[in-house]
Amino acid sequence: MKIGIFDSGIGGLSVLHEAYHQLPDQEYIFYADTEHVPYGLKTPEQILGYTTEITQFLVDKGVDAIVVACNTATSVAIKELRKRFDLPILGMEPAVKPAVEGTEGKRVMVIATPVTIMEDKLKDLLHRVDEEHRVDLLAMPGLVEFAEREEFESQAVTDYVNSQFSSYDKDKYCALVLGCTHFNYFKPAYRQFFGDETLLIDGNQGTVRHLAEVLGLPISQDKDKKLDDNHNILCLRNTEYFFSGKEISDDETLNRLQRLHSRLEEVRNI
Ligand code: DGL
């Protein structure tokens, strides 16, 4: 099957990367809207416009299903996209439910973009699942910029993460929910702040499992096997990459994508 995966930028690669683990034999079209990233600081109207255009683009390429690999775009546009297009469209939302259900007592922190935090979709979700009011929300738009610059380990990243978390008592938290696909790249920085006990929860594995279910595809027995660099290069072959409508074929950008996949492999189980 042919699966379209899109995001404002390279955050969505973390979902594609998980799909390589669970559904390695499918064909993919990955679309990053690099001309308009970050979505987290745009208006809902703008985001709806961009995502409608991208969905049409992917439909024209003949995909069987689309994953909106972006919490921000999902919170603003998913309902409307499902109305306008007649194919399975899966969205992403911060994995608050497993975080709340899988823990008790201590608090849960959700980090996301300002748009995701402001939109009703997350408020409705909290209303449904956060009965004990254990969840705190924190916007971290700066991480989207760091990610797009491929800056994952610098002192500036550590300083930013620590300063955003500084007014929270780390010992009160049992889970950190990564409510933006760009945030996966920074797991070591969260670990450093919260220590080894706090769960880091993202929605990627659940999203790909759901995709497999919707399309009736079997999940790979080897899903937890490490993807080495050669394997990643092979995977690049069953994926077409587009940045805001332009197909990526130059070595420099393909190498960049390869580096990002290597980073995602490195941090997958942190
Ligand atoms: N990766 C996106 C998300 O999951 C949004 C990042 C952005 O463009 O602000 O929310």
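All of the numbers you see were taken from the coordinates with simple rules; none came from a lab. Only a predicted model underlies this, so the values are computations on that prediction, with no experimental measurement involved. Glycine also receives a Cβ, built like all others from the backbone with ideal geometry; neighbour counts cover every protein chain displayed.
In this Cβ point-charge picture (+1 for Lys and Arg, -1 for Asp and Glu), the range 3-123 has a dipole of about 460 debye about its Cα centre. Bridges between two residues of the chain, per DSSP, are antiparallel at a rate of about 5%.
Here the dipole of the chain is about 420 debye; that uses its Cα centre as origin and unit charges on the Cβ of Lys and Arg (positive) and Asp and Glu (negative). In this Cβ point-charge picture (+1 for Lys and Arg, -1 for Asp and Glu), the range 145-194 has a dipole of about 260 debye about its Cα centre. Among 190-196, 68-74, 93-99, 3-9, the peptide with the highest mean count of other Cβ atoms within 10 Å heads the list, and the full ranking is 68-74, 3-9, 93-99, 190-196.
Projecting the Cα atoms of ILE248, GLY206, LEU217 onto the charge dipole of the range 161-270 (Cβ charges, centred on the Cα centre) puts GLY206 farthest toward the positive pole. The residue among GLY102, VAL144, PHE85 whose Cα reaches farthest toward the positive pole of the charge dipole of the chain, with charges on the beta-carbon of Lys, Arg, Asp and Glu, is GLY102.
Within the listed set GLU101, GLU18, GLU151, the Gaussian network model of the chain (springs between alpha-carbon atoms below 10 Å) gives the highest mean-square fluctuation for GLU101. The label point for GLN155 and the one for LYS225, both projected 7 Å from the Cα toward the Cβ, are 4.3 nm apart. Quick one: check the C-alpha center-to-center distance for the range 82-126 versus the range 144-159, whole angstrom. Using only Cα atoms, the two centres lie 24 Å from each other.
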